[in-house]
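Trainee: After the C-alpha cells below, expect a handful of questions from me.
The values are calculated or read from the model by the stated rules, or taken from the named source; none is laboratory data. Owing to the predicted nature of the structure, the values given are computational and were not obtained by experimental measurement. Positions of Cβ are backbone-derived with ideal geometry, glycine not excepted, and every protein chain shown enters the neighbour counts. Surface areas here come from the heavy atoms of the whole protein model, side chains and all, with no ligands, DNA or RNA. Shrake-Rupley method; radii C 1.70, N 1.55, O 1.52, S 1.80 Å.
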Amino acid sequence: MTGPKTTIINKKRAAWLLVIIFLLQLGIVTRYAYIQIIWSPKLQKWAVEQWTHDIKIDAKRGKILDRNGNPLAVSGNVERVDAFMKDIFDAEKEKKITREEIAEKLSPILGISKETILAKFNKKLSNGQPIGSVTIARRIEKEQGNKIRELKLPGIVVSEDTKRYYPNGNFLAHVLGNTDIDGNGRAGLEYYYNDILKGVPGRFMGETDKFFRELPYRLATYVPPQNGSDIVLTIDEYIQYYTEKALEKGLQEYKAKQISAIVMDPKTGEILAMANKPDYDPNNPVKGSVEEALKLWKNRTVNDSFEPGSVLKILTAAAAIEEGIVSEKDRFVCNGSIKVANRIIRCWRTRGHGIQNFTNILENSCNVGFVILGQKLGKEKLHKYYSLFNLGKKTGIDYPGEALGQVRDVSKVGPVELATESFGQGISVTPIQFITILGSIANDGKMMQPHLVKRIVKTDDEGNTTVVKEFEPKVLKQTISKETANKLLLMLESVVKNGAANKAYIEGYRIGGKTGTAQKVIDGRYAPGKYISSFAAIAPIDDPKVVIFLSIDEPDPSNYYAGSTAAPLAREILEDVLRYMNVQPNISSTNIPKEVMIPEVRGKSIELAIKTLKELKLDYETQGNGTIIYDISPKPGIIVKENTKIALYLGTSENKNLRVAVPDFTGKTKKEIIEIAEKIGLKVEFLGDGIAASQDISPNTEVNKGTIVKIILEVPED
C-alpha cells in the first residue's frame with residue numbers, strides 16, 4: 001500500500017515548495033525594500049543626472065561707479081559655448097560628424113587644445129553614464145561666438161555670458177580689486193561687496209529620456225537671473241587721477257620701492273582718492289607667478305602698517321594742548337641730545353636747535369623738544385590719547401583685511417620708551433588710521449568713520465534706478481576739543497610756512513602739514529639705509545576741505561628726507577585738488593612777489609638773456625654797447641624779489657674775470673645744491689649726510705667762478 005506514504009511525500013514537497021516560495025518572496029521584498037529605502041536616493045540622483053539638462057544662467061554683476069557716476073567696473077556682454085551631448089551622439093550614429101571632428105573645429109577658435117575639448121565630451125556621470133551637457137568655454141568674445149555659429153555644429157550652443165571689465169585699466173586697481181573666472185570678487189571692493197554686486201543666478205532645466213529626447217509631458221523650467229546692485233563710491237575720478245599722476249611721478253623721480261596716498265574729506269570721512277604705486281591691471285590680474293600677483297593686489301594704505309616717525313608728533317602736541325601742560329611761553333632747550341635713563345637720545349640736528357617755544361619744536365621737528373614734552377605728559381596721559389585717537393584699532397573702513405597697527409601696553413613703557421614714543425618711534429600705524437586721526441584734527445576734533453562706498457543703487461531692465469542704501473557720514477567720537485584742534489591747525493600751518501614742510505607751501509593758500517622721515521623696521525629691527533618718508537597735510541587751514549596722507553617706501557638713499565620728497569609731491573596733489581574743488585586763493589597773498597635767484601646770463605646774447613630774465617619775472621636795463629652780456633648786477637646767486645630791475649652790461653667779448661655770489665644752501669638737499677652750484681659756476685664739497693646745515697662761505701659773498709664751497713650736511717628729523 002502506497003497511499004499514505006505518497007501523501008506524506010507530497011505534503012513534504014508542498015511544504016518545501018512553500019518555503020522556497022516564501023524565501024523567494026522574502027528576497028524580492030527585501031531587495032525591493034533595499035532599492036526603495038537604501039538605494040533610492042542614489043538611484044534618484046543618477047536618474048536626475050541622466051534625464052535633466054540643468055544650465056546655470058549667471059546674473060549680470062552690478063557696476064562700480066565713482067561719486068559722479070563715472071563707470072569704474074562694468075560687466076560686458078560676452079558669450080559661452082555649451083555642448084548638448086544628445087545631439088552629438090545622434091550625429092555620430094547618423095555618421096554626420098564625430099566628436100573628434102567637432103573638437104578639431106572648435107580648438108583653433110577657442111584657443112583650447114583638441115584633447116581638452118574631447119575630455120569634456122567624454123565626461124561621465126557618477127554612475128558611469130554619459131553626461132547630458134557640458135560647458136566648453138566661458139566669457140569668449142562675440143567674434144569667436146559668431147565663428148562657431150557659422151560652423152553649425154550639432155549639439156554646440158553659443159549663448160550669452162558676462163565678463164568683468166575695468167575700462168580704465170590700472171586706475172584705482174587696489175580699491176576695486178578683481179574677480180575670478182566665475183565672476184566672484186576675490187580682492188578689494190569686488191570681494192567686500194560681492195554679495196551685493198553678484199546678484200542671484202538664473203536657471204534653465206529640461207528633462208529627456210535615455211536617448212536624450214525631450215519628454216513631452218515635462219515642461220522646461222526657466223528662472224530668470226536677478227542682476228546685482230550697483231555701488232557708487234566716495235572716490236572722485238578726477239581727484240584719483242591727480243593723486244595717481246603724482247605718485248607715478250614720485251615713484252620714478254625718487255626711485256622708490258613703492259608709494260601710497262589717501263585723500264579724504266575730513267567733515268564726512270569720505271575717501272576721495274586712494275592709490276598705491278606700483279599697481280596692476282585688474283583686467284589681467286595674474287602675470288607671472290601667483291605669489292607675485294598677490295603681492296601687487298595688496299592695498300598698502302589699509303593692509304600694511306609702518307612706524308610713522310615725526311608725523312606722530314602731531315598727536316603728542318595735541319595731547320599736550322588738550323591737557324593744558326604747555327603754552328607758547330614755555331621754552332625748550334635743545335643742545336643736540338638729551339639723556340633719558342642710561343641712554344642718550346639725539347636730535348636730528350646734532351648741534352641742537354637752541355632755545356625754542358612750543359611752535360618751534362613742531363616746526364623744527366625737534367626730537368629733544370618732544371622728549372621733554374612727553375616727560376611733562378607722562379605715559380598714562382600720552383597713551384590715553386593714543387586710545388582716544390584709536391591707535392592699534394581698526395577704523396572699520398569698508399575694505400577687506402584692514403591691519404591693526406601696534407601700540408605697546410602702557411605697563412611696558414619705561415622712560416626710554418616714553419621718550420621715543422613722544423616723537424613717533426616704537427609705534428606702528430596704517431595710513432588709513434593716520435588720515436582718520438588727521439581728519440579729526442581738521443574737523444574740530446570729531447573723528448569720522450572712513451568709508452569708500454557712498455550708496456547702493458538698483459537698476460531695473462528699463463534703466464530706472466532706485467537707491468537701496470545711503471551711507472551717511474558717521475561720527476565715531478570726539479578726540480580733542482575744538483579749541484585744541486584750532487590751535488594745532490595754526491601750528492601745522494606754521495610748520496609749512498616756516499618749518500621743515502616749507503616745500504608744501506602753495507602761494508595764496510593756507511596749508512598745514514607735518515613731515516616724517518623714519519628708519520624702516522624689517523623683522524623687528526631698524527634696517528640701515530632704508531627709510532619711509534611721509535607727509536600729512538590739511539588744506540585750507542581756515543576751512544579744511546581735504547586731508548592728505550602720503551607715504552614713500554624706500555626712496556633713493558641720496559634723497560630720502562620727507563621735506564624734499566613727500567612734501568613737494570603732496571603739494572602737487574593739493575594744487576590740482578584745490579583748483580578742481582574751486583577753492584579760491586587769497587588774492588592779497590598771491591600778489592606778494594616771490595623770491596628768485598639771479599641766473600648766470602653773461603656770455604649770452606642780449607635776446608637770450610632778456611628771455612631768461614622775463615621767465616623769472618625779473619625787470620632789466622641795459623648799459624653800454626655790444627651784442628653779448630659782459631657783466632650783470634647784482635651778481636648771479638643773489639636772491640631778489642620778482643620785478644627787481646637787473647643791470648645788464650653789454651660788450652663785444654666775454655668777461656674772463658667772472659665773480660658770483662654764494663647762495664644760501666641751508667636746508668637744501670645734496671641734489672638741489674649741486675644743481676644750483678652748476679648753474680652759477682661754483683664747486684661744492686660735502687661733509688656728512690642729509691641736508692645742508694652750514695657752509696664755510698657766508699651767503700651773498702662774492703667769489704670767483706670755480707670757487708669750492710664746503711657744506712656740512714645733517715640727517716633731518718628722525
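Trainee: Can you tell me which residue within region 122-139, out of those that are under 28 Å from residue 164 (Cα atoms) and of a type outside the set (Gly, Ala, Ser), is surrounded by the fewest Cβ atoms within 10 Å (Cβ to Cβ)?
Mentor: Step by step, filter region 122-139, then rank; the result is 135.
Trainee: For region 383-403, check the following and say yes or no: at least one residue is in contact with a Pro (Cβ under 9 Å, 6 or more places away or on another chain), farther than 30 Å from residue 712 by Cα, at pLDDT 95 or above and polar (S, T, N, Q).
Mentor: Within region 383-403, one or more residues are in contact with a Pro (Cβ under 9 Å, 6 or more places away or on another chain), farther than 30 Å from residue 712 by Cα, at pLDDT 95 or above and polar (S, T, N, Q).
Trainee: Answer yes or no: is there a residue in region 93-113 that is under 28 Å from residue 164 (Cα atoms), under 36 Å from the mean Cα position of the chain (by Cα), touching a residue at least 40 places away in the same chain (Cβ under 8 Å) and surrounded by fewer than 14 Cβ atoms within 10 Å (Cβ to Cβ).
Mentor: Taking every residue of region 93-113 in turn, none turns out to be under 28 Å from residue 164 (Cα atoms), under 36 Å from the mean Cα position of the chain (by Cα), touching a residue at least 40 places away in the same chain (Cβ under 8 Å) and surrounded by fewer than 14 Cβ atoms within 10 Å (Cβ to Cβ).
Trainee: So, restricting to helices (runs of 4 or more DSSP H) that lie completely within region 331-405, which ones have at least 2 residues that are open to solvent by 10 Å² or more (accessible area, probe 1.4 Å), farther than 24 Å from residue 691 by Cα and in contact with a strand residue (DSSP E or B) (Cβ under 9 Å, 6 or more places away or on another chain)?
Mentor: 367-377
Trainee: Being among the hydroxyl-bearing types (Ser, Thr, Tyr), more than 23 Å from residue 127 (Cβ to Cβ) and modelled with pLDDT of 75 or more is the filter here, so list the residues in region 1-39 that pass it.
Mentor: Once the filter is applied, which keeps residues that are among the hydroxyl-bearing types (Ser, Thr, Tyr), more than 23 Å from residue 127 (Cβ to Cβ) and modelled with pLDDT of 75 or more, region 1-39 yields only 7.
Trainee: Sticking with this one: Residue 302 - would you say it is under 23 Å from residue 522 (Cα atoms) and under 14 Å from the mean Cα position of the chain (by Cα)?
Mentor: yes
Trainee: Mind checking which residues of region 77-114 are touching a strand residue (DSSP E or B) at 6+ places or on another chain (Cβ under 8 Å) and acidic (Asp, Glu)?
Mentor: Within region 77-114, 79, 82 meet the criteria.
Trainee: Here's another thing I want to ask about it. Residues to consider are 498, 486; find the one that is modelled with pLDDT under 95, open to solvent by 10 Å² or more (accessible area, probe 1.4 Å) and either more than 24 Å from residue 405 (Cβ to Cβ) or under 27 Å from the mean Cα position of the chain (by Cα) (or both).
Mentor: That would be 498, the only listed residue that is modelled with pLDDT under 95, open to solvent by 10 Å² or more (accessible area, probe 1.4 Å) and either more than 24 Å from residue 405 (Cβ to Cβ) or under 27 Å from the mean Cα position of the chain (by Cα) (or both).
Trainee: Yes or no: region 40-62 includes at least one residue that is at pLDDT 85 or above, in contact with a helix residue (DSSP H, G or I) (Cβ under 7 Å, 6 or more places away or on another chain), surrounded by 10 or more Cβ atoms within 10 Å (Cβ to Cβ) and among the aliphatic types (A, V, I, L, M).
Mentor: no
Trainee: So residue 558 fits all but one of (1) open to solvent by 50 Å² or more (accessible area, probe 1.4 Å); (2) part of a strand (DSSP E or B); what number is the exception?
Mentor: (2)
Trainee: Right, another one. Of all residues in region 413-433, which are touching a residue at least 40 places away in the same chain (Cβ under 8 Å) and not hydrophobic (A, V, I, L, M, F, W, C)?
Mentor: 414, 415, 420, 421, 422, 424, 425, 426, 428, 430, 431, 433
Trainee: State which residue is modelled with the lowest pLDDT when the search covers only region 200-241 and only residues that are of a type in the set (S, T, N, Q) and farther than 30 Å from residue 66 by Cα.
Mentor: 208
Trainee: Further, regarding this structure: Restricting the search to region 177-190, which residues are part of a strand (DSSP E or B) and either open to solvent by 10 Å² or more (accessible area, probe 1.4 Å) or over 18 Å from residue 240 (Cβ atoms) (or both)?
Mentor: Selection gives 179, 185, 186, 187.
Trainee: Further, regarding this structure: Working carefully through the options 272, 247, find the one that is touching a strand residue (DSSP E or B) at 6+ places or on another chain (Cβ under 6 Å), of a type in the set (A, V, I, L, M) and not in a strand (DSSP E or B).
Mentor: Step by step, each of 272, 247 is checked, and only 247 is touching a strand residue (DSSP E or B) at 6+ places or on another chain (Cβ under 6 Å), of a type in the set (A, V, I, L, M) and not in a strand (DSSP E or B).
Trainee: For region 261-290, enumerate the residues that are open to solvent by less than 10 Å² (accessible area, probe 1.4 Å) and polar (S, T, N, Q).
Mentor: Selection gives 276 alone.
Trainee: Within the group 456, 432, 427, which residue is touching a Pro at 6+ places or on another chain (Cβ under 8 Å) and surrounded by fewer than 24 Cβ atoms within 10 Å (Cβ to Cβ)?
Mentor: 427
Trainee: Here's a follow-up. Give region 140-176 a look and list any residue that's open to solvent by less than 30 Å² (accessible area, probe 1.4 Å), part of a strand (DSSP E or B) and farther than 13 Å from residue 105 by Cα, or say none.
Mentor: Once the filter is applied, which keeps residues that are open to solvent by less than 30 Å² (accessible area, probe 1.4 Å), part of a strand (DSSP E or B) and farther than 13 Å from residue 105 by Cα, region 140-176 yields 140, 158, 161, 162, 164.
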